[in-house]
Each structure stands twice: as structure tokens, then as C-alpha cells.
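To keep things clear, I will list the structure first and then write my remarks on it.
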Ligand SMILES: Nc1ncnc2c1ncn2[C@@H]1O[C@H](COP(=O)(O)OP(=O)(O)O)[C@@H](O)[C@H]1O
Ligand SMILES: [Mg+2]
């Protein structure tokens, strides 16, 4: 299914971000990440099988795809949290294949996790301060002498407070992170990652469980990040959000990159519709197109109708609409 | 029953060198488990290494500073041996390796092939000279009531508790710093800390070494009032140290100290009362040997009650444990 050529539709052949022709794995004019033949096998399953992938610098790139497409695995591989079977990749011109996770982060490529990893028995502020880089007080011997790191700690605290205010977490500053709601933990994790001023921030489902009012302001923050020169790569199932803020969309299915393009056109790519619909292959895609502007959302609506129990679960959990069954998926690591 | 004597002995435990040694070992274990989340079930091995690495050079004629450095260096090496293969793996691997290697080192010092060095099952004695030689207290008996000791016993207590205070100050300084924040972060979720650019492996190693050196120094304090006996370093010792740490509160400054005091006072009281009752004929169905064992059964029961009803310990923060993290 994924071998359907994307050129079947009226996708524009060129784009300012792209060198040459637009298509899965196309070269970018200014890439920040370039990955080649990255594969990761779990038993008989090829979770990731990406021949070539480039992520544009200074832009917001969405990585979408149905559950199990390999998005989280790809994140883990790129950031050193998992080892690929094959593959090389470079970040900002430096090869990062085989580099341990903490060095990847220091290089400026910082990620968040689909299943949030807030540090429960540290306060929200301590969580934030942990994100700051180059701290003198983190050395074993210098840590004993407070005058060596007091000033830097104050500067970091000021920055943390600023970020906390932006993420509406300032009232929670002194609370244990464990006392935060799921959505607040997502926010904290993102704010914490920003403490290091990363070159590229990789967000794995940052909006899952965040309430809609806050989603709006978060979208604003992500756009601001771009204005500050940070590149953003994010996994998201909420197509409104993807359409709204991304400059570029990469679609994965069954481990491969099946389509790429600007958000307005990529959703119309038959390979994308194919990837999302899967079993509903025989649906008349034309009908779907007329039903609404966004066939992916439609597909998800249909999926939800087919699985009302998932819907009920969302409601019970107080999840904000629109949710997708995918956003509740457990990360398998 | 001689209640005065029973209480006198119990109160004396508060400042005994053994209490100080256990407190020191528990402070080290607190650095491992309480702050960094390292499951060290072999703290007894660090005490053993401290004891032998101090006693053997001393008996060979080394000055005290060399003997102390030897104890510290040996425990650092042991920490690396434990940590290098396991700290990259999941937490449970360290637990298994520590519990096993603690037994291994105990069997090594007990082997008859090493009798010339370790004294095998008989252990070592006669190593107090260098420590006594630097005692500034003039000969004599000092103190009042239950706290009456000769100059050597005071010297051991003063040095032992000074080391406890030193270790506590060190832990306080470390844990209020960004370094402490990193290791506490590792305790919560090491992948998160890794994703923030911290070398988690290196921090875990540092914590393992620091707690291990404290255990090793505790091993020196422990033998100063007695002989080195390999039978003292069983897993039982490790679990007493765990009890003390949990009793006081794992990630607290005063927890290990007060935990150790309570532990030894209670052990002394129960021993005094049980023995007294047996001798006066009030308890007829057990012997004094059995009474000694019953005390340790009580320790086990107390540990269980503690974990069930006050898992945060005496000084721990209830709120910290009320979350399922
Ligand atoms: N540690 C693992 N062991 C075995 N299979 C895994 C593991 N991690 C992921 N997978 C499998 O790899 C596929 C891709 O998973 P994932 O990357 O989490 O997908 P996505 O994030 O796109 O939903 C899934 O089929 C998943 O079951
Ligand atoms: Mg995922």
C-alpha cells in the first residue's frame, strides 16, 4: 500500500523548502537532520525502515502516521535512546549515530517523551532547573561550594520562572511534579526541554491530554520557538494542530516515510489516506473528500465510530476534543 | 531485674561507636538508595573492605593515614567493580550483583588460603595501636552515669561521631546543590535526566563511590572497639543498615543518625529485658541464646510494620511517598 506513488495527485512538484522534487525522502534546501537507511527491527517487525529523511532547519515539521507507524521508535533512534540495526544520521553536520543520548541532547537535539517523564518527587521548579545546561554546580566538587554556582542558579531560576509563567505553571512552582495533571506534566516536560535552548526540539505528542484552551497558547509558544530560530519536529495526531502550525509534514506508515509535503497538500496524498484508512481500503475516497476538508480527520472519526469503547474511555478520562484513538496509545519501548 | 543497668546500657548505645558506624553506613546507603535510587544490597561488603583494608596494613606496620587511605581506595575500586558492569543496566542488576559480591568478598576473607593476611575465620585483632597512639586524651576514666568510659573508648566515640557529622554535612551540601538535583532526578527517571544532557552513568558511579566510601569508613569505626570478625559481615548486616535507613527516612540528613540510635537502643532494651526476665525466672520457656535471636525477629517485624505504616520513615516527607511514582 505504501508503494503508491504520491505523484498521483496534484501535489506541487517543487517547494521552497525542498531541493528538487517534493516526495517521500526528498532533499531539503537547508536540512538540520539528515538520516540515511535507518532501520530498527523488533523480532520479525521492522518498526523503522527509513531510506532517507531530511528535516528542514528553522521550521516546524510534523511527523504523523497511524499508531505503530514507527514515529516514537524513530525519535528514540535519532536521540540515542535506542540503537538501530542499520543507519547513519547527522545533526547540524555532525554524525550522531551511536552517540549516547546525553551527548545528543548536549549537541542541541532535545526530545520529550510520549509517556511523560516528569520527575515526580522533585518540585516543578527543580524539574525546570534540571533542564539548564552547563551548570557549574553539577560538578561533584564545585557543587560543595555554593558561591561557585549561586549566581548561575539565580539566572537559571529566573529563566525557569519565565518559562513556567508562559506555560501557565507558575502557580505550581513549588509543588511536586507528581501532583500535576497529565496535561500539566506534558507542559512541564516541554518547558523543561526548552531550558537548554535546543537547536532542535522533538516533541512526541505534546498535546495529548492538554486542555483545548491551553492548546491554543501552546501553539503560540511553538510558533514563537520557530521565530527564535529553533527547529521543531513534533508527533501529533490532532490534524487541526498539524494543519495550523506546521510548515512541513512527514507521514510515516509501517516504518517507512510514505509521503511528505506542505500541510495543505499532503493530506490529499493517496498514500496518506491509504496509510490511515488501512482496512477501509475500499472506501470511496472521493466521498471522504467531499465530506469534509480533511480526509484524515474523517478517517479518525470513522475509526472512532467503529470503536465506541475507545470514545467512552476518552470521555471518562476527560480528554479534550478532538482526540484520536491514537493519542491514547501506550508507547511501547 | 536490674532496671537501672538495663536502661543504662540502652542509653549508652546512643553514643556507642557501633551506633556511629551503623549511622555512617546508613548515610552512605542513603546516598545510594535514598537520593540516587541505587539498589545496593551489599553495603556490608563496603564495611568489610574498610575493616580489612584498614586492619591489614596497620598490622603490617603502616601508619594510620596509610591504613585509612587504603580503606578508602579499596572501597573506591570495589565500587567501580560493582558499577562498571551494572550501572548501564536496569536498577535490579545492581541489586543482584551487590548482594552476590558481598557474599563473595566475605568468603574470600574467610578462606584458609589467606590466613596470613585475613586470619581466615578467626579474623584480625591487635590493630588498635596506631589509633590509640594519636589519642590526645590523657589516660583515665571520664564521664558520668552510663556515659563513663576510659580514654580509648572516648576517643573512638569522638572520632566516630565526628565522622558521622562530617558525612552528614557532606550529604547536606551535595544534596542541596545542582549535583544533588541530578542524582534525585536519576532516582525518579533516569531517561528523563539523560534527555536533558546529563551523563547519568557517571553520576550513578559518583554516588556509588561516595556511599561506598562512607560504608568503608563505617567499617573502620566499627572495628575500632572490637576485633575484625568475618562473621559480622553477612547479609544480615546489610539489612540492619537498610532498616536503620528506612527507619529514619531514606532521603534525609538526620534519618540515618536517629535511625541508628533507635535501632541500637531498642535492641539493647529488648536484650536487657528478655535476659533479665529469663534470669529472674519470669520467662522459663526460652534460653538466653533464643532470646538473642528473638530480638532480631523483632527487628524483622519492626521493619515490616515500618514499611507498611510509615514508609517515609521518621524524618521523611509523607507527601513524597503519597504519590505512586
Ligand atoms: N521495544 C519494543 N519491542 C518490540 N516492539 C516494539 C518496541 N517498541 C516499538 N515496537 C513496535 O514498533 C512499532 C512502532 O512503534 P512506535 O514507534 O511506538 O509507533 P508510533 O509512535 O508511530 O505509534 C509498533 O508496532 C510497536 O509495537
Ligand atoms: Mg508513538
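A short reminder: the numbers here are calculations on the coordinates, not readings from a lab. Remember, predicted model here, so these are calculated numbers, not experimental data. Note that each Cβ is placed from the backbone with ideal geometry, even for glycine, and that neighbours are counted across all protein chains shown.
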Inset, instruction - Just order B:10-19, B:36-45 by mean Cβ neighbour count inside 10 Å, highest at the front, would you? - result: B:36-45, B:10-19
Inset, instruction - Evaluate the distance, in nm, between pseudo-label points positioned 7 Å from the Cα of residue B:317 and of residue A:155 along their respective Cα→Cβ axes. - result: 2.8
Inset, instruction - State, to one decimal in nm, how far the label point of residue B:112 lies from the label point of residue B:150, with both points 7 Å from Cα in the Cβ direction. - result: 3.5
Legend entry - Extension gain from residue B:66 to residue B:80, taking 0.36 nm per residue of separation minus the Cα-Cα distance: 2.9 nm
Legend entry - Contour minus Cα-Cα distance for residue A:197 and residue A:37 (0.36 nm per residue): 54.7 nm
Legend entry - Proxy reagent accessibility, fewest Cβ within 10 Å first, across B:190, A:254, A:54, A:155: A:155, A:254, B:190, A:54
Inset, instruction - Using a 10 Å cut-off on Cβ atoms, rank the peptides B:206-214, B:298-306, A:82-90 from the highest mean neighbour count down. - result: B:206-214, A:82-90, B:298-306
Inset, instruction - Counting other beta carbons within 10 Å of each Cβ, put B:35, B:201 in order, fewest first. - result: B:201, B:35
Inset, instruction - Please report A:186, B:128, B:204 as a ranked list, fewest other C-beta atoms within 10 angstrom at the top and most at the bottom. - result: B:128, B:204, A:186
Legend entry - Ranked packing of A:131-138, A:232-239, B:284-291, B:266-273, most packed first, by mean Cβ within 10 Å: A:232-239, A:131-138, B:266-273, B:284-291
Inset, instruction - Enter the mean number of other protein chain beta carbons within 10 Å of the beta carbon of each residue in A:75-81, as an integer. - result: 1
Legend entry - Cβ neighbours within 10 Å from other chains - mean over B:183-192: 6
Inset, instruction - For chain B, calculate the relative contact order in percent as a whole number, restricting contacts to Cα pairs under 8 Å that are 6 or more residues apart. - result: 34
Inset, instruction - Would you mind computing, in nm to one decimal, how far apart the modelled labels at residue B:137 and residue A:165 are, each placed 7 Å from Cα along Cα→Cβ? - result: 5.9
Inset, instruction - Evaluate peptide A:100-108: per residue, the Cβ atoms of other protein chains within 10 Å of its Cβ; return the mean as an integer. - result: 5
